[in-house]
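Below: the structure, in C-alpha coordinates.
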Amino acid sequence: RYSELHLPEPCVWICRAGTEIYYGAEDQADFLWQSCIGVEWNRNSVESSLVDLKDHLELQDEQHQAPYKVSYLVKDPGESILPLIRKRLRQHGQAASPYLHCHWYLDVIPLRASRMEAIRFLALRWGLPLEKVLVVASQQGDSELVKGLIVSVVPAEHDPCLEKYRSQHRVFFSSRAHVGGVLDGLNHYKFLSNR
(Lines give C-alpha, C1' and ligand atoms only; values in the text may rest on other atoms or scores of the structure.)
Protein backbone atom coordinates (compact mmCIF):
# COMPACT_ATOMS: atom_id res chain seq x y z
CA ARG A 1 0.00 0.00 0.00
CA TYR A 2 3.00 2.33 0.22
CA SER A 3 3.03 3.15 -3.49
CA GLU A 4 -0.78 3.43 -3.52
CA LEU A 5 -0.52 6.11 -0.82
CA HIS A 6 2.47 7.74 -2.52
CA LEU A 7 4.68 6.95 0.46
CA PRO A 8 8.29 5.77 0.11
CA GLU A 9 9.07 2.10 0.70
CA PRO A 10 10.34 1.50 4.25
CA CYS A 11 14.13 1.44 4.68
CA VAL A 12 13.96 -0.50 7.94
CA TRP A 13 11.64 -3.00 9.60
CA ILE A 14 11.37 -3.57 13.36
CA CYS A 15 9.94 -7.05 13.82
CA ARG A 16 9.13 -9.69 16.42
CA ALA A 17 8.26 -7.37 19.33
CA GLY A 18 11.37 -5.26 18.73
CA THR A 19 13.85 -8.15 18.88
CA GLU A 20 14.77 -8.04 15.20
CA ILE A 21 15.72 -5.19 12.87
CA TYR A 22 15.95 -5.65 9.10
CA TYR A 23 17.01 -3.30 6.33
CA GLY A 24 15.66 -3.11 2.80
CA ALA A 25 13.20 -5.83 1.81
CA GLU A 26 13.57 -7.62 5.18
CA ASP A 27 16.62 -9.55 4.00
CA GLN A 28 19.48 -7.79 5.84
CA ALA A 29 19.42 -8.37 9.61
CA ASP A 30 21.06 -5.99 12.08
CA PHE A 31 23.37 -8.31 14.01
CA LEU A 32 24.68 -5.48 16.20
CA TRP A 33 21.15 -5.06 17.62
CA GLN A 34 20.90 -8.79 18.28
CA SER A 35 24.25 -8.82 20.09
CA CYS A 36 23.12 -5.82 22.20
CA ILE A 37 19.88 -7.44 23.32
CA GLY A 38 21.29 -10.96 23.65
CA VAL A 39 23.39 -10.17 26.73
CA GLU A 40 22.29 -12.48 29.59
CA TRP A 41 19.39 -13.83 27.46
CA ASN A 42 18.74 -17.56 27.53
CA ARG A 43 15.60 -18.52 25.66
CA ASN A 44 15.48 -22.09 27.01
CA SER A 45 15.86 -20.89 30.61
CA VAL A 46 13.04 -18.39 30.14
CA GLU A 47 10.78 -21.13 28.83
CA SER A 48 11.76 -23.44 31.72
CA SER A 49 11.05 -20.67 34.26
CA LEU A 50 7.45 -20.43 33.07
CA VAL A 51 6.72 -24.10 32.32
CA ASP A 52 4.67 -24.63 35.50
CA LEU A 53 2.27 -21.82 34.53
CA LYS A 54 0.51 -24.06 32.00
CA ASP A 55 -2.85 -23.27 33.65
CA HIS A 56 -2.37 -19.66 32.53
CA LEU A 57 -0.20 -19.88 29.41
CA GLU A 58 0.17 -22.01 26.32
CA LEU A 59 3.16 -21.79 23.99
CA GLN A 60 2.24 -20.48 20.56
CA ASP A 61 3.10 -22.42 17.41
CA GLU A 62 6.73 -22.56 16.29
CA GLN A 63 6.12 -19.97 13.54
CA HIS A 64 5.51 -17.34 16.26
CA GLN A 65 8.69 -18.17 18.18
CA ALA A 66 12.08 -16.55 17.57
CA PRO A 67 15.58 -16.73 19.03
CA TYR A 68 14.92 -13.65 21.19
CA LYS A 69 11.18 -14.09 21.78
CA VAL A 70 9.11 -16.72 23.60
CA SER A 71 5.45 -16.31 22.64
CA TYR A 72 2.43 -17.57 24.56
CA LEU A 73 -1.35 -17.53 24.32
CA VAL A 74 -2.99 -16.34 27.54
CA LYS A 75 -5.77 -18.69 28.61
CA ASP A 76 -7.59 -16.15 30.81
CA PRO A 77 -6.86 -12.65 29.46
CA GLY A 78 -6.27 -9.75 31.79
CA GLU A 79 -3.52 -7.52 33.12
CA SER A 80 -3.10 -9.71 36.24
CA ILE A 81 -0.92 -12.16 34.30
CA LEU A 82 1.91 -9.63 33.87
CA PRO A 83 2.84 -9.29 37.59
CA LEU A 84 2.83 -13.09 37.90
CA ILE A 85 5.16 -13.50 34.91
CA ARG A 86 7.48 -10.69 36.08
CA LYS A 87 7.73 -12.25 39.54
CA ARG A 88 8.50 -15.68 38.13
CA LEU A 89 11.19 -14.32 35.80
CA ARG A 90 12.82 -12.43 38.70
CA GLN A 91 12.71 -15.50 40.95
CA HIS A 92 14.61 -17.45 38.29
CA GLY A 93 17.10 -14.63 37.60
CA GLN A 94 15.99 -14.14 34.00
CA ALA A 95 16.98 -10.93 32.16
CA ALA A 96 13.60 -10.85 30.40
CA SER A 97 10.42 -8.77 30.21
CA PRO A 98 6.85 -9.81 29.38
CA TYR A 99 4.67 -7.79 26.99
CA LEU A 100 0.94 -8.40 26.61
CA HIS A 101 -0.75 -7.35 23.37
CA CYS A 102 -4.22 -7.76 21.91
CA HIS A 103 -5.30 -9.20 25.30
CA TRP A 104 -4.45 -12.81 24.34
CA TYR A 105 -0.81 -12.75 23.29
CA LEU A 106 2.19 -12.61 25.59
CA ASP A 107 5.77 -12.21 24.39
CA VAL A 108 8.73 -12.64 26.71
CA ILE A 109 11.78 -10.90 25.28
CA PRO A 110 15.24 -9.84 26.48
CA LEU A 111 15.30 -7.11 29.12
CA ARG A 112 17.18 -4.81 26.73
CA ALA A 113 14.73 -5.30 23.85
CA SER A 114 11.41 -3.67 22.94
CA ARG A 115 10.01 -1.82 19.96
CA MET A 116 10.79 1.51 21.66
CA GLU A 117 14.37 0.47 22.42
CA ALA A 118 14.81 -0.64 18.79
CA ILE A 119 13.58 2.81 17.66
CA ARG A 120 16.02 4.52 20.06
CA PHE A 121 18.86 2.29 18.80
CA LEU A 122 18.13 3.21 15.17
CA ALA A 123 17.70 6.92 15.95
CA LEU A 124 21.05 7.01 17.76
CA ARG A 125 22.79 5.00 15.03
CA TRP A 126 21.43 7.21 12.25
CA GLY A 127 21.72 10.51 14.15
CA LEU A 128 17.95 10.98 13.83
CA PRO A 129 16.20 13.10 16.50
CA LEU A 130 13.35 11.18 18.14
CA GLU A 131 10.90 13.98 17.26
CA LYS A 132 11.43 12.99 13.61
CA VAL A 133 9.93 9.56 14.36
CA LEU A 134 6.18 8.85 14.17
CA VAL A 135 4.52 5.69 15.42
CA VAL A 136 1.00 4.40 14.94
CA ALA A 137 -0.55 2.96 18.10
CA SER A 138 -3.82 1.08 17.90
CA GLN A 139 -3.57 -2.06 20.04
CA GLN A 140 -3.11 -3.05 23.62
CA GLY A 141 0.64 -3.33 24.04
CA ASP A 142 1.31 -0.14 22.07
CA SER A 143 1.49 1.83 25.33
CA GLU A 144 5.28 1.53 25.39
CA LEU A 145 5.38 3.45 22.11
CA VAL A 146 2.93 6.13 23.21
CA LYS A 147 4.86 6.71 26.46
CA GLY A 148 8.13 7.30 24.58
CA LEU A 149 9.64 10.55 23.39
CA ILE A 150 8.34 10.10 19.87
CA VAL A 151 5.11 11.45 18.39
CA SER A 152 2.21 9.05 18.02
CA VAL A 153 -1.01 8.81 16.08
CA VAL A 154 -3.92 6.72 17.33
CA PRO A 155 -6.49 5.84 14.63
CA ALA A 156 -10.22 5.79 15.45
CA GLU A 157 -10.40 1.97 15.69
CA HIS A 158 -7.91 1.79 18.59
CA ASP A 159 -8.14 -0.44 21.64
CA PRO A 160 -9.97 1.30 24.53
CA CYS A 161 -6.91 0.90 26.79
CA LEU A 162 -5.21 3.71 24.82
CA GLU A 163 -7.88 6.25 25.82
CA LYS A 164 -5.89 7.19 28.92
CA TYR A 165 -3.30 8.85 26.65
CA ARG A 166 -5.75 11.37 25.11
CA SER A 167 -4.36 14.25 27.15
CA GLN A 168 -0.72 13.34 26.52
CA HIS A 169 1.20 16.02 24.65
CA ARG A 170 2.75 13.98 21.81
CA VAL A 171 -0.27 11.77 21.04
CA PHE A 172 -2.73 12.65 18.24
CA PHE A 173 -6.10 10.84 18.17
CA SER A 174 -7.56 10.74 14.67
CA SER A 175 -11.28 10.59 14.01
CA ARG A 176 -10.60 8.34 11.01
CA ALA A 177 -9.81 4.63 11.07
CA HIS A 178 -7.01 2.58 9.51
CA VAL A 179 -5.00 4.29 6.75
CA GLY A 180 -7.07 7.49 6.99
CA GLY A 181 -6.04 7.84 10.62
CA VAL A 182 -2.38 7.30 9.74
CA LEU A 183 -2.57 9.96 7.02
CA ASP A 184 -4.24 12.33 9.51
CA GLY A 185 -1.32 11.80 11.87
CA LEU A 186 1.25 12.36 9.12
CA ASN A 187 -0.50 15.64 8.24
CA HIS A 188 -0.95 16.70 11.86
CA TYR A 189 2.77 16.37 12.59
CA LYS A 190 3.70 17.77 9.15
CA PHE A 191 5.55 14.62 8.07
CA LEU A 192 4.16 15.04 4.55
CA SER A 193 5.72 18.47 4.18
CA ASN A 194 9.29 19.60 4.70
CA ARG A 195 10.02 19.24 8.41
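Miscellaneous remarks
- At q = 0.12 Å⁻¹, base-10 log of I(q)/I(0) for the chain (Debye sum, equal scatterers on each alpha carbon): -0.66
- Cα-based reach from LYS54 at 19 Å (exclusive), listing lysines while leaving out same-chain residues under 8 positions away: LYS69, LYS75, LYS87
- Potential lengthening between GLU163 and VAL12 on full extension [0.36 nm per residue; Cα-Cα distance subtracted]: 51.5 nm
- Average accessible surface for segment 82-195: 53 Å² per residue, computed with a 1.4 Å probe over protein heavy atoms with every protein chain in place.
- Cleavage-rule hits (trypsin sites (Lys or Arg not before Pro)) in segment 18-124: DSSP loop, at most 15 neighbouring Cβ within 10 angstrom: LYS54, LYS75
- Each part reduced to its alpha carbon centroid, segment 8-57 and segment 77-116 end up 13 Å apart.
- When exposed loop sites are taken as GluC sites (Glu not before Pro) in a DSSP loop with at most 10 other Cβ atoms within 10 Å, the longest stretch of the chain clear of them is 80-195.
- Figure legend: label point modelled 7 angstrom from the Cα of PHE31 along Cα→Cβ; residues of segment 64-86 with amide N under 18 Å from it are 67-68.
- Percent carbon-and-sulfur accessible area, the chain, ignoring ligands, DNA and RNA, probe 1.4 Å: 53
- Remark: segment 80-163 is approximated by an ellipsoid whose semi-axes, taken from the C-alpha gyration tensor as √(5λ), come to 25, 19, 8 Å, largest first.
- Considering only VAL51, VAL70, VAL151, the mean-square fluctuation computed in a Gaussian network model of the chain, springs between alpha carbons under 10 angstrom, is largest for VAL51.
The values are calculated or read from the model by the stated rules, or taken from the named source; none is laboratory data. In this text the structure is predicted, and so the values were computed from the model without any measurement. Using ideal geometry, Cβ is built from the backbone for each residue, glycine included, and neighbour counts are taken over all protein chains shown. The area values use the complete protein model at the heavy-atom level, side chains included, leaving out ligands, DNA and RNA. Shrake-Rupley method; radii C 1.70, N 1.55, O 1.52, S 1.80 Å.
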